[in-house]
Amino acid sequence: MSHKNCNRELHSQLEEFQHEAVHLTDGQYLIAAAAGSGKTTSIVYRIEQLIHDGADPASIGAFTFAKDAANELQKRLKELGVSEALTVSTIHSLCYAILRADGPDLGGTFTIDDKTLIYYGLKDLNSRNFKGVGLDPKVAQSLFALAKADCLSMHPLNQGEDKYTIIELFKKKADKPWLANAYCNLFEQVEEWKWNKKVIDFEDQLYLAWKLLIDNEEVRIKWQTKFKYMLIDEAQDSSSVQNAVANILIQQHKNIARIGDCQQSLYGFRGAKPYEFTGYKSNSTLLKLPVNYRSTIEICTAATELTKNLTWNITGETIPHGKAPSDLTSIVAVEYADPKIEADSIAREIIQLQSDGVRYGDMAVLYRIVALLQPIETALLARNIPYVVWSGYTFYDRKEIKDVMAYLYVASMRDPTDQHVKRALNVPFRYIGRAYIECVDNVAQSNKCNFIDALTQYHGPRENQNSSVKRFTGLLFDLNAMFAKNMPPVALINKMLTETKYLQNLKQEEGTDGPDPDSDHITHVQQLINIAKDFSTVGAFLDYVSKMEKLLKESRHKKKVDAVVLSSIHRFKGIERDYVFCPGWSEGILPHAKNPDPDEELRIAYVAITRAAKRFTASWTQVGITQSGMNTLEPSRFIAKSKMPVRRLKTIKEKQNIDVLKFLEAHPEFIEKENE
């Protein structure tokens, strides 16, 4: 089949709105694409059409917000047989390529850090030069990223020209505006430290590439010449610096299609500017892809009700496809008594759907905050439901959970390798470095004693360290005494949290990252406390956690052809499943209490609803875990706003708590063998 005939055959399958988007002439276009409108299909066929019309594949650049989306675009283009000469990547990858090829001031020797090295450098500068000022490293990190997203930096190459603008930005964004000047000074020191170390982070890739394109005419012309046609996917999530890079690159040919949907802009905490996307109406031809080919009429109607008055919504009403099925039960919000019952009800519904012929892989459970994941995983495991989690950690693998558990392992003398006591030693951070720990290890080896006894015997050269260690060992002995008296695990956890002020430290570390679904660390600790309440002894609790850790790891490492997807709403954007469950539709969770932008929370709810093709089930609980513990919850305002049907439960006839340990005893095949 010739390329030309293939083109005709494929394009005959396009709907009216998609056909218009694919067959654009040269120029600047703004394409407002509703959820389920076949946006990716339109992009892929648009690229195929350009090549069919004679465009050199190497002159086409297609860029998107997320790596997963870029990979999906590459996959779809490969399936069409489109030349691999074209550039398909994230904006970050494009900027990285520009810096590697043409960044002479960086000497081509810079390394990209995942923020670990830079964060420790930031903490060191803060502790040495801003001691007692009250700056928070996590807040600083977030503020610096937001500044660079707005094309602002204290980089040495910039010579301080953005300083006063940055201070004003920090006054608006910092949790303590009066510290804006100090944060700006720390910003300058961190950027100089990075420059000397030849280290950059992901935000630097964008900012430095933008500066290079502005300041170096030869480099600018080179990259402007390269791309005759540009397509920017998920453009509603672009930051100012991403938009600025694109605007520079199109100046020679002025051929660009920006595709996005302001109803799905979720990344304000990373500097996304949806109003800049809509602002391109002034110099672009506006096209709309308003038809949702995915979801039922009722799901589309609820989505439209939710966002019809949304700021910057240029997409308008989400129109269901003419062939979309109508099903009055396809969207509902359900009330449950507590998270355990909610999770078990979702698991039972999944089992019922599967028995009715629905594949596990056609179902998903989406959550606004990671704390909702633990009861869902527990319920699915207890019912032997295969699942995959689109995140890097199990609940018990999270740093804050391991921190608290370390104290319990030490208190109960379950730490034969000293790994837990060494972790607890700097939880919270006590400035006990590697050299100090090595000296204690030497004492333990010489005196043939354990690490804790060696801690009490060693006296280092710095009194502040010795005092910290003395308080630490005193706490360990108190916890061990409580364990010996068979006090419940909750008592030991509360003692540890009170004495170490761990939750206060977590609150500081969370900084301004609240809207991020992965950042609610305090709620995770409260979730652990709630789990511990079911156990009368520390030993029983540790046995439970140990078995759950093994079971969760076993489940996650199994290769599953057919499995339910568990994912944050953010991570699932652009994906769909026939049946979607979404727990946590409560005030304080969705909308999130820490997000200063209520419109963004509404957009998150819109994205959740529109992931479902056949049925969407939202749910909330009468009580749930918050940062202050177990509290009464109110249903999300978005339930009423979307006008979805509500099913409230007046009584709970069946206790549905799951005894996972009994399940494990009945199914030993799910437990890793010690010798494996």
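The values are calculated or read from the model by the stated rules, or taken from the named source; none is laboratory data. Keep in mind that this is a model prediction, so the values were computed, not measured. Every residue, glycine among them, receives a Cβ derived from its backbone with ideal geometry; neighbour counts consider all protein chains shown. Accessible surface is based on the protein model in full, side chains and every heavy atom, while ligands, DNA and RNA are left aside. Shrake-Rupley method; radii C 1.70, N 1.55, O 1.52, S 1.80 Å.
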Subset of the range 371-391 [hydrophobic (A, V, I, L, M, F, W, C) and either out of contact with any Pro (no Cβ under 8 Å at 6 or more places or on another chain) or closer than 15 Å to residue 552 by Cα (or both)]: 371, 373, 376, 379, 380, 381, 382, 385, 388, 389, 390
Residues satisfying the stated conditions in the range 440-468, i.e. closer than 17 Å to residue 415 by Cβ and open to solvent by less than 20 Å² (accessible area, probe 1.4 Å): 440, 444, 451, 454, 455
Given the options 329, 304, 315, 225, name the one that is without any contact (Cβ under 8 Å) to a residue 24 or more places away in the chain, over 30 Å from residue 174 (Cα atoms) and outside any strand (DSSP E or B). 304
Let me confirm something: among 666, 640, which residue is open to solvent by 20 Å² or more (accessible area, probe 1.4 Å), modelled with pLDDT of 90 or more and small (Gly, Ala, Ser)? 640
From the options 157, 143, residue that is of a type outside the set (Phe, Trp, Tyr), assigned to a helix (DSSP H, G or I), in contact (Cβ under 8 Å) with a residue 24 or more places away in the chain and open to solvent by 30 Å² or more (accessible area, probe 1.4 Å): 157
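Scan 21, 34, 70, 66 and give me the residue that is of a type in the set (A, V, I, L, M) and in contact with a Pro (Cβ under 8 Å, 6 or more places away or on another chain). Full working, then the answer.
Numbers: 21 fails: in contact with a Pro (Cβ under 8 Å, 6 or more places away or on another chain); 70 fails: in contact with a Pro (Cβ under 8 Å, 6 or more places away or on another chain); 66 fails: in contact with a Pro (Cβ under 8 Å, 6 or more places away or on another chain).
Just a single option satisfies the conditions, and that option is 34.
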Being surrounded by fewer than 20 Cβ atoms within 10 Å (Cβ to Cβ), in contact (Cβ under 8 Å) with a residue 60 or more places away in the chain and either out of contact with any Gly (no Cβ under 8 Å at 6 or more places or on another chain) or part of a loop (DSSP other than H, G, I, E, B) (or both) narrows it down to one residue among 410, 358, 404, 334; which is it? 358
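Just checking, which of 161, 203 is out of contact with any Gly (no Cβ under 9 Å at 6 or more places or on another chain) and within 28 Å of residue 251 (Cα to Cα)? Lay out the reasoning, then the answer.
Values: 203 fails: out of contact with any Gly (no Cβ under 9 Å at 6 or more places or on another chain).
Every option except 161 fails the conditions.
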Looking only at the range 560-574, how many residues end up being under 23 Å from residue 329 (Cβ atoms) and either open to solvent by 50 Å² or more (accessible area, probe 1.4 Å) or out of contact with any Pro (no Cβ under 9 Å at 6 or more places or on another chain) (or both)? 2
All but one of (1) surrounded by fewer than 17 Cβ atoms within 10 Å (Cβ to Cβ); (2) more than 21 Å from residue 118 (Cα to Cα) hold for residue 220; state the number of the condition that does not hold. (1)
For residue 164, the lone unmet condition from (1) hydroxyl-bearing (Ser, Thr, Tyr); (2) surrounded by fewer than 16 Cβ atoms within 10 Å (Cβ to Cβ); (3) in contact (Cβ under 8 Å) with a residue 60 or more places away in the chain is (3)
So which pairs qualify, if the first residue must be in the range 34-52 and within 13 Å of residue 19 (Cα to Cα) and basic (Lys, Arg), the second must be in a helix (DSSP H, G or I) and open to solvent by less than 10 Å² (accessible area, probe 1.4 Å), the Cβ gap must be under 6 Å, and the two must be at least 6 apart or on different chains? 46/22
